[in-house]
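A.B. asks: Let me begin by handing over the structure; questions about it come next.
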Amino acid sequence: MSKLRRAALCAPLFAFAAPAFGQTTVLPEMQVTAPTPSLTVPTNAEAQVRLWSSPGANTVVPASDFLDRPGTLGIRDMLEYTPGVFAQPKWGEDSRLSIRGSGIARNFHMRGVLTMQDGIPISQADGSGDLQELDPLTFQRVEILRGGNAFSLGANTLGGAINFVTPTGRNTQGVNLRVEGGSYGFARGQISGGGVYGPMDGWISGTMATQDGYRDHSQGNSGRLNLNIGYRLSDDVETRFYFTHNSIQQYIPGSLTRSQALNSPRMANATNLAMNYQRNIDSYRLGSRTTVRVNAETTLEFGGSWVTRQLNHPIFQYIDNQTNDFNLFARGTWDGTVGGLRNRLTGGFNYAYGTTDNRRFVNLFANRGAQTYSSLDKAETVSGYFENSLYVLPRLAIVTGLSGGGATRSSDNRLNAAQSGSGRWNWINPRAGLLWQATPTVQAYGNVTWSTEPPTLSDLVSLVPLGGFSLLKPQRATTLEIGTRGTAGRFGFEVAAYRSWIDKEIQLFMGPTSGSSYAQNADRTIHQGVELAGTVEAARNIFAAGDGVTLRGAYTFSDFAFDGDRTYRNNQLPGVPRHVLRAEARYRHAGGFWVAPNVDYVPEGFFVDNANTVRTNSYALIGLRAGADFLDGRLGVFLEARNLADRRYISSASVAPVAGNQALFEPGFGRSAYAGARYRF
């Protein structure tokens, strides 16, 4: 197919390079003829075109949305204007993440979302994940593929996938310095730089951070190093190598009762203090990714990674874990014609294998005592997939897809063979949808997608209260979604509604002893919701030529419930608020100064137990951000004040079958202020 013919077929799609939602500046229209600086790392605009060629709710968040704010920047701050994502800080740099209710029964780490960095999976082989090792200062964008819309990456999760993308030496040249400081002893510094050297390019970033913490016993220190080196073998072949190192030391203040969280939010849990709870991580990651542009219609990608992680985690016992995870992947995209109709086919496979040397000891004030547990845990997951978009009309595509895979989990208990066990799960998931380019700048879509999540090792290996290996069934869901997105004049918008019918969702249920709980399969549950996001350029040339006011906001409605459960009937599932509204009004002066008041509003607290007896509190948080650019943008200063009214609220909570007066609640930060500066040369 000629380049002219292919450009004509793709024109409706490329014309729809609308700004990412939550973005405060408008991206230029996609230029089809512009060369890609890096084959392995497309531009933000190209990434958005790729994500919006799928009939579902996908979002690109550029770095400009979150790098102009100082302070304890985490996943919540990066994704706050992405609807459907509930990401709330717990303590230090740790957060709780759920997309469309994924893994809401998980009180530690994460389940139900495929996590990737630079297109390479960083989730563990069993599907669990940890966001604490990510450095938000090192990303040029974040790609969020909600729910079944991560199908084209091979994800089989309820929540979808998140891909964190680092810069390269081809798009970030020179040296950047950044310093920040603020409330509760927070300080952070970063130096990064990149450049091109013939066919080779490189980019490196080092970040050091320290904080005393808002709460007692929540101090922490961290150091992070990210490096990638690319080599252009030819105009159509590029290989990139990645290296990451994280060293994190974090004290854990622990959960409080509801009364304690709201009346004495800075206190630590007494047990955490008495036993000196901590979470200390030392990890290394090596990865590679190669892109081959076979011809104008066909692109191949393949690569892999190895991650080794040492976790020293004194809590109720002293956890000493050494994990090793290996990943391989390959993907292909063909964008051509079938019978004179445009056709886009993507497909590939993912393979993950991991081992955990899982040891536990008596915790003697963060020192190891007598050994209490030892096992070798293994996980293997493999999946293959394809998704095809046939444009039966120039602006209407019929999308079909199929994925299949298998997973094994095993635990070999070295101290008690009777508590060893293993399991295997297989699946086939279909997908179908429609994508309609209603106008050059507006899309409408709909899809129905099946997903299957095998349990993680943490779901299967129960030390308290049961002990041993508990074989669970896979969590299966059928999700129906409709939506629209685009731009109309000064407006940018995204609207999505979905309903998931879930069979055997992995939830927490009562254990054999009072107050205990463990992971089990629920019978049937339903997740449904509405996601809204928008931007509008509300005013121009107010006080001076070129100034203006931009409004942006995101609203999420989440309705998650049991469906005729024998014990909990149609109760709400705990862990996520039904309504979340975030909004900002930003004034930007043509000279580079800007100011942005904002609000974070949760009108109704969420239940923390299956029995629906205890809620968190409602709250409205008022904040203010501001900044200015100098020296043609090479120097920037920025500041942020959070929770100006010093509102006491509960940021996150663990869930339980019945709450009672348990310590389940994580207080949110009080009034705080941060400032920072960056310089590029």
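A.B. asks: For the range 432-448, state whether one or more residues are of a type in the set (Val, Ile, Thr), part of a strand (DSSP E or B), within 27 Å of the chain's Cα centre (by Cα) and buried (at least 19 other Cβ atoms within 10 Å of the Cβ).
C.D. replies: We begin by selecting, within the range 432-448, every residue of a type in the set (Val, Ile, Thr); these are 439, 441-442, 448.
Add one more test, that the residue is part of a strand (DSSP E or B), and what stays is 439, 442, 448.
Narrowing the set further to residues that are within 27 Å of the chain's Cα centre (by Cα) leaves 442, 448.
After this cut, where a residue has to be buried (at least 19 other Cβ atoms within 10 Å of the Cβ) as well, the list is none.
Within the range 432-448 (the criterion being of a type in the set (Val, Ile, Thr), part of a strand (DSSP E or B), within 27 Å of the chain's Cα centre (by Cα) and buried (at least 19 other Cβ atoms within 10 Å of the Cβ)), the answer is no, since none of the residues qualifies.
A.B. asks: Can you tell which of Val294, Val307 is β-branched (Val, Ile, Thr) and under 24 Å from Ala125 (Cα atoms)?
C.D. replies: On the way: Val294 fails: under 24 Å from Ala125 (Cα atoms).
Answer to the check: Val307.
A.B. asks: Here's a follow-up. Any residue in the range 269-278 that is out of contact with any Cys (no Cβ under 7 Å at 6 or more places or on another chain), among the hydroxyl-bearing types (Ser, Thr, Tyr), within 13 Å of Phe316 (Cα to Cα) and not in a helix (DSSP H, G or I)? Steps first, answer last, please.
C.D. replies: Taking the range 269-278 first, the residues out of contact with any Cys (no Cβ under 7 Å at 6 or more places or on another chain) are 269-278.
Retained after the next criterion (residues that are among the hydroxyl-bearing types (Ser, Thr, Tyr)): 271, 277.
If we keep only those that are within 13 Å of Phe316 (Cα to Cα) too, we end up with 271, 277.
Those left that are additionally not in a helix (DSSP H, G or I): 277.
Scanning the range 269-278, I find at least one residue that is out of contact with any Cys (no Cβ under 7 Å at 6 or more places or on another chain), among the hydroxyl-bearing types (Ser, Thr, Tyr), within 13 Å of Phe316 (Cα to Cα) and not in a helix (DSSP H, G or I), so the answer is yes.
A.B. asks: So the check is Cβ under 6 Å with 6+ separation or different chains; which pairs have a first residue in the range 151-172 that's more than 28 Å from Phe86 (Cβ to Cβ) and a second one that's of a type in the set (Val, Ile, Thr) and assigned to a loop (DSSP other than H, G, I, E, B)?
C.D. replies: Filtered contacts from the range 151-172: Thr168/Val41.
A.B. asks: Can you tell me which residue is nearest to Arg309 (Cα to Cα) among those in the range 273-292 that are over 28 Å from the mean Cα position of the chain (by Cα) and either among the hydrophobic types (A, V, I, L, M, F, W, C) or crowded, with 18+ Cβ neighbours inside 10 Å (or both)? Walk me through how you get there before you give the answer.
C.D. replies: Kept after step one, since they are over 28 Å from the mean Cα position of the chain (by Cα), are these residues of the range 273-292: 273-276.
Subsequent filtering for residues that are either among the hydrophobic types (A, V, I, L, M, F, W, C) or crowded, with 18+ Cβ neighbours inside 10 Å (or both) retains 273-275.
Details: Leu273: 26, Ala274: 27, Met275: 24 Å.
In this case the residue turns out to be Met275.
A.B. asks: Could you check how many residues of the range 276-318 are under 14 Å from Ser247 (Cα atoms) and in contact with a Phe, Trp or Tyr (Cβ under 6 Å, 6 or more places away or on another chain)?
C.D. replies: Within the range 276-318, the subset under 14 Å from Ser247 (Cα atoms) is 278-285, 307-313.
Subset that is in contact with a Phe, Trp or Tyr (Cβ under 6 Å, 6 or more places away or on another chain): 278, 308.
Within the range 276-318, residues that are under 14 Å from Ser247 (Cα atoms) and in contact with a Phe, Trp or Tyr (Cβ under 6 Å, 6 or more places away or on another chain) number 2.
A.B. asks: Test Asn312 against the stated conditions and say whether it is polar (S, T, N, Q), open to solvent by less than 30 Å² (accessible area, probe 1.4 Å), touching a strand residue (DSSP E or B) at 6+ places or on another chain (Cβ under 6 Å) and at pLDDT 95 or above. Give the derivation first.
C.D. replies: Numbers: polar (S, T, N, Q): yes; open to solvent by less than 30 Å² (accessible area, probe 1.4 Å): no; touching a strand residue (DSSP E or B) at 6+ places or on another chain (Cβ under 6 Å): yes; at pLDDT 95 or above: yes.
Here the answer is no, as Asn312 does not meet what is asked.
A.B. asks: Between a first residue in the range 198-217 that is open to solvent by 60 Å² or more (accessible area, probe 1.4 Å) and a second residue that is polar (S, T, N, Q), which pairs have beta carbons less than 6 Å apart while being 6 or more apart in sequence or on different chains?
C.D. replies: Asp212/Gln219
A.B. asks: Return the pair list, or none, for Cβ contacts closer than 6 Å from residues in the range 223-250 that are hydrophobic (A, V, I, L, M, F, W, C) to residues that are open to solvent by less than 50 Å² (accessible area, probe 1.4 Å), at least 6 apart or on different chains.
C.D. replies: What qualifies is Leu225/Gly206; Leu225/His245; Ile229/Gly202; Val237/Val292; Phe241/Ser288; Ile248/Ser222; Ile248/Ile281.
A.B. asks: Got a number for residues in the range 596-605 being surrounded by fewer than 15 Cβ atoms within 10 Å (Cβ to Cβ) and assigned to a strand (DSSP E or B)?
C.D. replies: At the first step, the residues of the range 596-605 found to be surrounded by fewer than 15 Cβ atoms within 10 Å (Cβ to Cβ) are 599, 603-604.
Checking which are assigned to a strand (DSSP E or B) leaves us with 599.
So the answer is 1.
A.B. asks: Got a number for residues in the range 511-552 being outside any strand (DSSP E or B), under 27 Å from Thr479 (Cβ atoms) and open to solvent by 40 Å² or more (accessible area, probe 1.4 Å)? Can you show your working first?
C.D. replies: Let us first name the residues in the range 511-552 that are outside any strand (DSSP E or B), namely 511-516, 522-523, 541-547.
Filter again for under 27 Å from Thr479 (Cβ atoms), leaving 522-523.
Filter once more, keeping what is open to solvent by 40 Å² or more (accessible area, probe 1.4 Å): 523.
Result for the range 511-552: 1.
A.B. asks: Within the range 483-510, can you find the residues that are open to solvent by 60 Å² or more (accessible area, probe 1.4 Å), modelled with pLDDT of 95 or more and under 25 Å from Gly575 (Cα atoms)?
C.D. replies: Arg499, Trp501, Asp503
A.B. asks: While we're on this one: Quick one: count up the residues across the range 230-265 that are assigned to a loop (DSSP other than H, G, I, E, B), more than 19 Å from Ser95 (Cβ to Cβ) and not polar (S, T, N, Q).
C.D. replies: Going through the range 230-265, the residues assigned to a loop (DSSP other than H, G, I, E, B) turn out to be 235-236, 252-255, 257, 264-265.
Now drop any that are not more than 19 Å from Ser95 (Cβ to Cβ), which leaves 235-236, 257, 264.
Those left that are additionally not polar (S, T, N, Q): 235-236.
Total satisfying the criteria: 2.
A.B. asks: Next up: Only residues that are within 10 Å of the chain's Cα centre (by Cα) and either more than 26 Å from Trp425 (Cβ to Cβ) or open to solvent by 10 Å² or more (accessible area, probe 1.4 Å) (or both): list them for the range 135-154, please.
C.D. replies: Val142, Glu143, Ile144
A.B. asks: Across the range 331-354, what is the number of residues that are surrounded by fewer than 18 Cβ atoms within 10 Å (Cβ to Cβ) and in contact with an Asp or Glu (Cβ under 7 Å, 6 or more places away or on another chain)?
C.D. replies: 3
A.B. asks: Just to be sure, is Arg395 closer than 30 Å to Arg490 by Cβ, among the basic types (Lys, Arg) and at pLDDT 95 or above? Give the derivation first.
C.D. replies: Details: closer than 30 Å to Arg490 by Cβ: yes; among the basic types (Lys, Arg): yes; at pLDDT 95 or above: yes.
Here the answer is yes, as Arg395 does meet what is asked.
A.B. asks: Evaluate the following for Tyr385: is it under 23 Å from Pro121 (Cβ atoms), at pLDDT 95 or above, open to solvent by 20 Å² or more (accessible area, probe 1.4 Å) and of a type in the set (Phe, Trp, Tyr)? Working first, answer last.
C.D. replies: Details: under 23 Å from Pro121 (Cβ atoms): yes; at pLDDT 95 or above: yes; open to solvent by 20 Å² or more (accessible area, probe 1.4 Å): no; of a type in the set (Phe, Trp, Tyr): yes.
No: the conditions fail for Tyr385.
A.B. asks: Suppose we keep only residues that are closer than 30 Å to Gly591 by Cβ and without any contact (Cβ under 8 Å) to a residue 24 or more places away in the chain within the range 606-657. Which one would you say is least open to solvent (accessible area, probe 1.4 Å)?
C.D. replies: That would be Leu631.
Listed here are the residues, each with its yes/no results for (1) in a strand (DSSP E or B); (2) among the aliphatic types (A, V, I, L, M); (3) within 25 Å of Ala417 (Cα to Cα).
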{"residue": "Asn295", "(1), (2), (3)": "no, no, no"}
{"residue": "Gln322", "(1), (2), (3)": "yes, no, yes"}
{"residue": "Phe329", "(1), (2), (3)": "yes, no, no"}
{"residue": "Asp335", "(1), (2), (3)": "yes, no, no"}
{"residue": "Phe349", "(1), (2), (3)": "yes, no, no"}
{"residue": "Ala352", "(1), (2), (3)": "yes, yes, no"}
{"residue": "Arg359", "(1), (2), (3)": "yes, no, yes"}
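A.B. asks: State yes or no: is Phe593 open to solvent by less than 20 Å² (accessible area, probe 1.4 Å) and not aliphatic (A, V, I, L, M)? Step through it out loud before you land on a result.
C.D. replies: On the way: open to solvent by less than 20 Å² (accessible area, probe 1.4 Å): no; not aliphatic (A, V, I, L, M): yes.
No: the conditions fail for Phe593.
The values are calculated or read from the model by the stated rules, or taken from the named source; none is laboratory data. None of the values given here were measured: they were computed from a predicted structure. Every residue, glycine as well, gets a Cβ built from its backbone with ideal geometry; the counts of neighbours run over all protein chains shown. Please note that ligands, DNA and RNA were not included when accessible areas were found on the heavy atoms of the full protein model with its side chains. Shrake-Rupley method; radii C 1.70, N 1.55, O 1.52, S 1.80 Å.
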